[in-house]
Amino acid sequence: MKQVHVMSLFVFTLIGNVLSGSNHVFQDLKDREGVLSFLEYHAAISPSSSVTDKPLMVGLTLIQGADSSGAVCLDGTLPGYHLDRGSGTGKDSWLVDLEGGGWCNTIRDCVYRKTTRRGSSKLFEKQLPFTGILSDKAEENPDFFNWNRVKVRYCDGASFSGDSQNEASQLYFRGQRIWSAAMEYLMAKGMQNATQALLSGCSAGGLASIIHCDEFRELFPQSTKVKCLSDAGMFLNAMDISGGHTLQNFYSGVVSLQEVQKSLPSTCIDHLDPTSCFFPQNLVAAVRTPLFLLNSAYDVWQLRSSLAPSSADPHGTWKECRQNNAQCNSSQIQFLQDFRNQMLDAIKVFSSSNQNGLFINSCFAHCQSERQDTWFADDSPRIGNKRIAQSVGDWYFDREDVKAVDCPYPCDNTCHNLVFNDVVSNITFSQSTRLTSTPFNLLIIFLVSLCSISTTGFKFFR
């Protein structure tokens with residue numbers, strides 16, 4: 001079992017405290033954003049133990065004219081994407097990956113967000129590394145390496161959904177329009193001729209891939225093979241450690257502020273409130289297009305930001321467990337086992353469909369398709385001796401059914417568990433590869449990122 005160490009969030013919390021005092025809600029926001037910042041940072045630089053080549057860097061393209069239809073980021077700037085063209089047998093195949101990065105649920109939250117790369121294309125990176133499912137190397141990405149591979153940038157704060165604005169704060173909530181503009185633009189760039197297509201996304205992008213899966217299918221003729229992948233997008237409406245519903249309350253703000261109900265499927269809205277319909281547990285069973293759920297049963301983002309956030313843990317009882325799963329006591333592990341059971345219950349109906357796929361491992365991880373070390377490497381996480389990339393490929397190409405559910409923690413010794421340290425001088429990716437940096441350099445990286453800103457259908461393995 002591997003451990004991936006990431007710098008603690010004390011810098012982010014400190015900045016949050018300077019901006020708005022010791023407000024628990026704001027601290028939770030900073031914790032959420034901090035986790036996402038470092039998960040993205042690790043996705044970009046995490047090396048595989050078997051691959052030493054530098055990742056392909058792909059340039060940014062802004063969607064010119066998108067503003068004419070109101071398809072703009074939170075601050076009114078143009079949306080964008082990164083595209084690496086396919087070749088050979090993959091020239092008519094398209095993989096569209098929706099970027100993740102949390103949400104904003106209040107005016108203050110969104111005003112802050114538009115000063116980061118998650119709310120303004122002025123702060124987008126001009127190039128992004130294409131790793132994992134986006135890699136252009138067959139030894140890193142055996143099934144999709146030569147496809148047209150696209151990363152659509154995320155700058156709306158509601159999983160590419162919603163349609164409203166706040167004139168007083170000069171905020172534009174145009175996620176649905178950004179989705180539509182991006183798809184129209186890509187279709188014109190050749191995606192309309194696709195014979196195969198896969199919509200994917202991680203975290204907030206994984207939720208977006210669920211919300212938009214059937215819309216994506218409708219872009220193409222029936223002769224085109226179309227499927228969707230949601231990585232770390234199975235956010236549960238679960239009770240937190242204090243008995244509250246932190247994520248439900250947060251989502252309620254996102255949905256009402258950004259009028260997300262306009263983007264949600266009528267199959268859900270007809271019988272549930274809009275906030276409930278923003279939770280994928282109430283959406284996945286009704287998705288008509290084949291869908292693959294890749295998720296950790298102990299998702300670290302949900303542990304830190306939904307199940308045991310600072311606001312629900314005023315005495316810090318869960319602090320060590322939040323940072324390192326090895327420090328969780330028996331009662332905390334039982335709480336997390338109950339969360340895993342809730343996840344498996346939530347996907348029972350979904351898993352009964354032959355067209356759908358699953359890879360639910362027992363790791364403390366988040367976003368495993370975009371990191372090379374977890375997607376496809378010699379020591380990547382496995383279920384039944386099969387890595388994530390192989391499982392997704394087998395499912396997409398109908399080589400075999402994939403309904404893989406790991407045995408409960410701590411049985412899986414192939415995990416790359418994320419560990420958050422208070423004080424670190426290095427970030428460890430595996431036993432054989434280590435990136436060493438001073439705390440000062442890590443702080444600089446951080447500040448730059450800120451500014452640029454048992455169940456039917458399951459196959460259990462033991």
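Quick notes
- Cα gyration tensor category, rounded, prolate or oblate, for region 28-435 with a/c compared to 1.5: rounded
- Set of lysines with alpha-carbon distance to LYS319 below 16 Å, sequence-local pairs under 8 removed: LYS30
- Fraction of beta bridges assigned by DSSP in region 28-435 that are antiparallel (%, nearest 5): 40 percent
- Relative contact order for region 28-435, counting Cα pairs under 8 Å that sit 6 or more residues apart, in percent: 17 percent
- About the Cα centre, charge dipole magnitude for region 28-435 (Lys/Arg +1, Asp/Glu -1 at Cβ), debye: 540 debye
- For LEU358, the residues 5 or more places off, or on other chains, whose built amide H falls under 5 Å of its own are LEU293, VAL402, LYS403, ALA404.
- Surface per residue (accessible, 1.4 Å probe) for region 28-435, Å²: 34 Å²
- Of interest is the spacing of the C-alpha centroids, which for region 99-147 and region 263-305 amounts to 21 Å.
- Candidate lysines - alpha carbon under 27 Å from LYS189, same-chain residues fewer than 8 apart omitted: LYS91, LYS122, LYS126, LYS137, LYS151, LYS225, LYS227
The values are calculated or read from the model by the stated rules, or taken from the named source; none is laboratory data. What you are looking at is a predicted structure, and each value in this text was computed from that prediction instead of being measured. Here the Cβ is made from the backbone with ideal geometry for all residues, glycine too, and neighbour counts use every protein chain on show. Note: accessible area is taken over every heavy atom of the protein model, side chains too, but ligands, DNA and RNA are not part of it. Shrake-Rupley method; radii C 1.70, N 1.55, O 1.52, S 1.80 Å.
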